[in-house]
Amino acid sequence: MARFSNKVAIVTGSSSGIGRSTAVLLAREGAKVTVTGRSSEKLRDTVDEILKNGGKSEDINIVVGDLTESECQDDLVKSTLERFGKIDILVNNAGAAFADPSGVIGIATNINLFDDMLKLNLRSVVELVQKCRSHLIASKGDIVNVSSIAAGPQPFVYYTFYGIAKAGLDQLTRSLAIELIAHGVRVNSVSPGLISTGFLTAVGMPNKMARKTENYYASHRDCIPAGRPGTPEEIATLIAFLADKNSSGFIIGQSIVIDGGTSLALAMPSHDLSKAL
Ligand code: NDP
């Protein structure tokens, strides 16, 4: 029997990148999935990929909408229950870092950016978990949040507000994990480093600049010791592991870093002192 047979999953932000790969993987391994995002066109590509990988159209529920809006969250829960009767797995993956259009970085950016960043990356997760809570308790389900190494402990000056939101998400993961394990629901999280997805274009970079940025970091081993960005499939594999009680049933409230070594790479030890002294 496939690993996720008889399981029902909601994967937010599944019109692209990590969310799409996760929806494809869960569906390939037997899950019924609700896919969602704002772009119906990109969601159609996700559905095509699920079908190409052996998924069945009757096992796919599509919700087009903005996750920061209450109606979209309600629709996600309601339509999943109507189509599939329960919710076993909630992957809170939708997220983004917005750039200040003026090019300003750090704390000097417009305060509206702070609100927008928290609304998508943190508040929408809180709201969706509130709405799924009783259903996940009924199924003794699993939640996997998608955080980031931008949450710290090292600061990411380009992404101050985004990092604050993801740090909040990490604390939410820990608090929820303790609250919900009493009801048989596990909560865990993944913290990716640089992954090749639509993330940098969503930040505001043209496609060519996004790829150039990835190549730059990949070629500097003090940025990514593994020498390459990660793939969405690699993150999906970890998310599926954390969503599967048989594999990870004793892991509770953890944020697992998956970053090719980025968060271990301190600048001091990477400098060759023999050249300087
Ligand atoms: P992508 O831009 O490829 O995917 C982001 C997804 O989120 C899309 O499906 C997008 O859908 C959805 N989304 C964004 N805003 C909204 C919204 N308001 N309402 C509904 N859906 C929304 O990036 P990734 O796959 O990389 O991002 C997935 C997660 O991984 C995010 O939480 C991100 O913060 C995190 N992450 C990514 C890293 C990376 O280097 N790529 C590193 C660390 C963490 P649509 O555009 O259709 O609305």
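Can you compute the FRET efficiency between Ala108 and Met209 using 1/(1 + (r/R0)^6), with r the Cβ-Cβ distance and R0 = 22 Å? Round to the nearest 0.05. Efficiency, rounded to the nearest 0.05: 0.45.
Label positions at Ile181 and Ser263, each projected 7 Å from the Cα along the C-beta direction, are separated by 1.8 nm.
Sequentially through the range 147-164, phi angles give Karplus couplings (6.51, -1.76, 1.60; θ = phi - 60°) of 9, 6, 5, 5, 5, x, x, 6, x, 10, 5, 6, 10, 4, 5, 4, x, 5 Hz, Gly and Pro residues having no value and appearing as x. Directionally averaged projected area (the range 140-277, Cα convex hull): 9.9 nm². Residues within the reach of a label modelled at Lys56 (point 7 angstrom out along Cα to beta-carbon, backbone nitrogen below 18 Å), restricted to the range 4-42, are 4-9, 24-35.
Residues whose amide H falls under 5 Å from that of Ile195, counting only those 5 or more places apart or on a different chain, are Gly230, with hydrogens built in the peptide plane. Size descriptors for the chain: radius of gyration and Dmax over Cα atoms are 18.8, 69 Å. Each label point was placed 7 Å from the Cα along the Cα-to-Cβ direction; for Ser196 and Leu277 their separation is 3.9 nm. Can you tally the net charge around Leu172? Count Lys and Arg as +1, Asp and Glu as -1, for every other residue whose Cβ sits under 12 Å from the Cβ of Leu172. Cβ neighbours under 12 Å give a net charge of 0.
Here the simple spin-label model places points 7 Å from the Cα toward Cβ, and for Glu233 and Ser5 these points are separated by 2.5 nm. Just flag the trypsin sites (Lys or Arg not before Pro) in the range 1-60 sitting in loop per DSSP whose Cβ has no more than 11 other Cβ atoms within 10 Å. Those that pass, being in a loop and sparsely packed, are Lys56.
With a cut-off of 19 Å, note down the residues of the range 199-230 whose backbone N falls inside the zone around a label point 7 Å from the Cα of Ser270 toward its beta carbon. Backbone N within reach: 211-230.
Read-outs throughout are calculated quantities, based only on the coordinates presented, and are distinct from any laboratory measurement. This structure is a prediction, so every number in the text was calculated from the model and none was measured. All Cβ positions, glycine included, derive from the backbone under ideal geometry; neighbour counts span all protein chains shown.
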